[in-house]
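The values are calculated or read from the model by the stated rules, or taken from the named source; none is laboratory data. Note that the structure is a prediction, hence the values are computed from the model and not measured. FYI the Cβ positions are ideal-geometry reconstructions off the backbone, even for glycines, and counts take in every protein chain you see.
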Amino acid sequence: MKLAVAILNSDDANSVIAALTRAEFFVTKLSTTGGFLKAGNVTILVGLHDERLDEAFELISKHSHSRRHVIPSASEMGLGFYSSIPVQVTVGGATVFVLDVEQFKKF
Ligand code: 2BA
(Lines give C-alpha, C1' and ligand atoms only; values in the text may rest on other atoms or scores of the structure.)
Protein backbone atom coordinates (compact mmCIF):
# COMPACT_ATOMS: atom_id res chain seq x y z
CA MET A 1 0.00 0.00 0.00
CA LYS A 2 1.17 3.54 -0.79
CA LEU A 3 0.22 7.07 0.16
CA ALA A 4 0.46 9.54 -2.71
CA VAL A 5 0.76 13.15 -1.58
CA ALA A 6 0.11 15.40 -4.56
CA ILE A 7 0.43 19.19 -4.55
CA LEU A 8 -1.87 20.66 -7.20
CA ASN A 9 -2.64 24.04 -8.65
CA SER A 10 -5.93 25.19 -7.10
CA ASP A 11 -7.42 25.60 -10.58
CA ASP A 12 -6.72 21.94 -11.41
CA ALA A 13 -7.72 20.44 -8.08
CA ASN A 14 -11.41 19.88 -8.75
CA SER A 15 -10.88 18.07 -12.04
CA VAL A 16 -8.05 15.93 -10.60
CA ILE A 17 -10.16 14.98 -7.59
CA ALA A 18 -13.23 14.28 -9.75
CA ALA A 19 -11.23 12.03 -12.08
CA LEU A 20 -9.67 10.11 -9.19
CA THR A 21 -12.99 9.72 -7.42
CA ARG A 22 -14.70 8.53 -10.62
CA ALA A 23 -11.98 5.89 -10.89
CA GLU A 24 -12.81 4.78 -7.34
CA PHE A 25 -9.75 6.18 -5.58
CA PHE A 26 -10.25 7.61 -2.09
CA VAL A 27 -9.06 11.21 -1.82
CA THR A 28 -8.58 13.69 1.03
CA LYS A 29 -8.21 17.33 0.04
CA LEU A 30 -6.17 19.79 2.10
CA SER A 31 -5.94 23.54 1.58
CA THR A 32 -2.24 24.40 1.52
CA THR A 33 0.05 27.30 0.70
CA GLY A 34 3.25 27.23 -1.36
CA GLY A 35 6.27 28.42 0.58
CA PHE A 36 7.76 30.31 -2.37
CA LEU A 37 4.80 32.14 -3.91
CA LYS A 38 2.77 32.12 -0.69
CA ALA A 39 -0.25 31.41 -2.87
CA GLY A 40 -2.93 28.86 -2.12
CA ASN A 41 -2.59 25.42 -3.61
CA VAL A 42 -4.27 22.10 -2.90
CA THR A 43 -2.65 18.98 -1.50
CA ILE A 44 -4.41 15.66 -1.84
CA LEU A 45 -3.77 12.43 0.03
CA VAL A 46 -4.56 9.25 -1.86
CA GLY A 47 -4.17 5.88 -0.13
CA LEU A 48 -3.94 3.19 -2.77
CA HIS A 49 -2.71 -0.27 -3.62
CA ASP A 50 0.71 -0.43 -5.29
CA GLU A 51 -0.68 -1.83 -8.54
CA ARG A 52 -2.89 1.24 -9.04
CA LEU A 53 -0.08 3.79 -8.69
CA ASP A 54 0.47 4.21 -12.44
CA GLU A 55 -3.25 4.70 -13.00
CA ALA A 56 -3.32 7.43 -10.35
CA PHE A 57 -0.22 9.12 -11.86
CA GLU A 58 -1.88 9.08 -15.27
CA LEU A 59 -5.07 10.75 -14.00
CA ILE A 60 -3.17 13.35 -11.96
CA SER A 61 -0.89 14.23 -14.86
CA LYS A 62 -3.76 14.33 -17.39
CA HIS A 63 -5.67 16.90 -15.34
CA SER A 64 -2.71 19.02 -14.10
CA HIS A 65 -1.28 21.86 -16.14
CA SER A 66 1.79 24.02 -15.67
CA ARG A 67 1.37 27.79 -15.55
CA ARG A 68 3.70 30.74 -15.67
CA HIS A 69 3.50 33.01 -12.68
CA VAL A 70 5.10 36.44 -12.57
CA ILE A 71 6.22 37.75 -9.21
CA PRO A 72 5.90 41.54 -9.45
CA SER A 73 8.94 43.68 -8.77
CA ALA A 74 9.62 44.67 -5.18
CA SER A 75 7.74 41.69 -3.80
CA GLU A 76 9.29 39.46 -1.20
CA MET A 77 10.51 36.23 -2.82
CA GLY A 78 10.45 33.98 0.21
CA LEU A 79 14.23 33.90 0.26
CA GLY A 80 14.73 36.83 2.63
CA PHE A 81 15.31 39.43 -0.06
CA TYR A 82 13.32 41.63 -2.42
CA SER A 83 13.60 41.44 -6.21
CA SER A 84 13.87 44.71 -8.11
CA ILE A 85 12.68 43.13 -11.37
CA PRO A 86 9.66 40.92 -12.07
CA VAL A 87 10.57 37.25 -11.87
CA GLN A 88 8.77 34.55 -13.82
CA VAL A 89 8.41 31.02 -12.43
CA THR A 90 6.74 27.97 -13.93
CA VAL A 91 4.39 26.34 -11.44
CA GLY A 92 3.31 22.74 -11.72
CA GLY A 93 1.51 20.72 -13.07
CA ALA A 94 1.53 18.50 -10.01
CA THR A 95 4.27 17.63 -7.54
CA VAL A 96 3.75 14.11 -6.23
CA PHE A 97 5.44 12.26 -3.37
CA VAL A 98 4.83 8.54 -2.85
CA LEU A 99 5.30 7.02 0.61
CA ASP A 100 5.19 3.42 1.72
CA VAL A 101 2.34 2.78 4.14
CA GLU A 102 3.23 0.56 7.09
CA GLN A 103 -0.35 -0.07 8.18
CA PHE A 104 -3.79 0.92 6.96
CA LYS A 105 -6.89 0.46 9.08
CA LYS A 106 -10.40 1.86 9.12
CA PHE A 107 -12.29 1.60 12.40
P1 2BA B 1 5.61 27.26 -4.16
O2 2BA B 1 6.54 26.95 -3.05
O3 2BA B 1 4.80 28.49 -4.04
O4 2BA B 1 6.50 27.31 -5.52
C5 2BA B 1 5.96 27.77 -6.75
C6 2BA B 1 7.00 27.65 -7.85
O7 2BA B 1 8.10 28.52 -7.57
C8 2BA B 1 7.60 26.24 -7.99
O9 2BA B 1 6.77 25.45 -8.83
C10 2BA B 1 8.96 26.56 -8.60
O11 2BA B 1 8.86 26.82 -10.00
C12 2BA B 1 9.32 27.88 -7.93
N13 2BA B 1 10.13 27.69 -6.72
C14 2BA B 1 9.73 27.15 -5.56
N15 2BA B 1 10.73 27.17 -4.65
C16 2BA B 1 11.77 27.75 -5.25
C17 2BA B 1 13.10 28.08 -4.83
N18 2BA B 1 13.54 27.79 -3.57
N19 2BA B 1 13.92 28.69 -5.71
C20 2BA B 1 13.48 28.98 -6.96
N21 2BA B 1 12.25 28.70 -7.44
C22 2BA B 1 11.39 28.10 -6.58
P23 2BA B 1 6.66 23.89 -8.53
O24 2BA B 1 8.02 23.29 -8.37
O25 2BA B 1 5.78 23.33 -9.60
O26 2BA B 1 5.95 23.75 -7.11
C27 2BA B 1 4.57 24.04 -6.92
C28 2BA B 1 4.23 23.93 -5.44
O29 2BA B 1 4.45 22.56 -5.04
C30 2BA B 1 5.13 24.74 -4.53
O31 2BA B 1 4.60 26.04 -4.40
C32 2BA B 1 5.09 23.97 -3.23
O33 2BA B 1 3.88 24.24 -2.54
C34 2BA B 1 5.03 22.53 -3.72
N35 2BA B 1 6.34 21.87 -3.82
C36 2BA B 1 7.08 21.74 -4.94
N37 2BA B 1 8.21 21.05 -4.68
C38 2BA B 1 8.17 20.74 -3.38
C39 2BA B 1 9.04 20.01 -2.51
N40 2BA B 1 10.22 19.48 -2.93
N41 2BA B 1 8.69 19.87 -1.21
C42 2BA B 1 7.52 20.41 -0.76
N43 2BA B 1 6.66 21.09 -1.53
C44 2BA B 1 6.97 21.26 -2.83
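Here's the yes/no breakdown for (1) modelled with pLDDT of 95 or more; (2) near the ligand (Cβ under 9 Å from one of its atoms):
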| residue | (1), (2) |
| --- | --- |
| ALA4 | yes, no |
| ARG22 | yes, no |
| THR28 | yes, no |
| THR32 | yes, yes |
| VAL46 | yes, no |
| PHE57 | yes, no |
| MET77 | no, yes |
| THR95 | yes, yes |
| LYS105 | yes, no |
*In the range 18-53, which residues are touching a residue at least 24 places away in the same chain (Cβ under 8 Å) and of a type in the set (D, E, K, R)?*
LYS38, ASP50, ARG52
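Among the residues of the range 6-17 satisfying the criterion of being away from the ligand (no atom under 16 Å from the Cβ) and touching a residue at least 24 places away in the same chain (Cβ under 8 Å), which is surrounded by the fewest Cβ atoms within 10 Å (Cβ to Cβ)?
Step one: list which residues in the range 6-17 are away from the ligand (no atom under 16 Å from the Cβ), which gives 14-15, 17.
Within this subset, residues satisfying the condition of being touching a residue at least 24 places away in the same chain (Cβ under 8 Å) are 15, 17.
Working: SER15: 15, ILE17: 22.
For the range 6-17, the residue satisfying everything is SER15.
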*If a residue has to be under 17 Å from ALA94 (Cα atoms), surrounded by 15 or more Cβ atoms within 10 Å (Cβ to Cβ) and either over 16 Å from the mean Cα position of the chain (by Cα) or not small (Gly, Ala, Ser) (or both) to count, how many in the range 33-54 make the cut?*
7
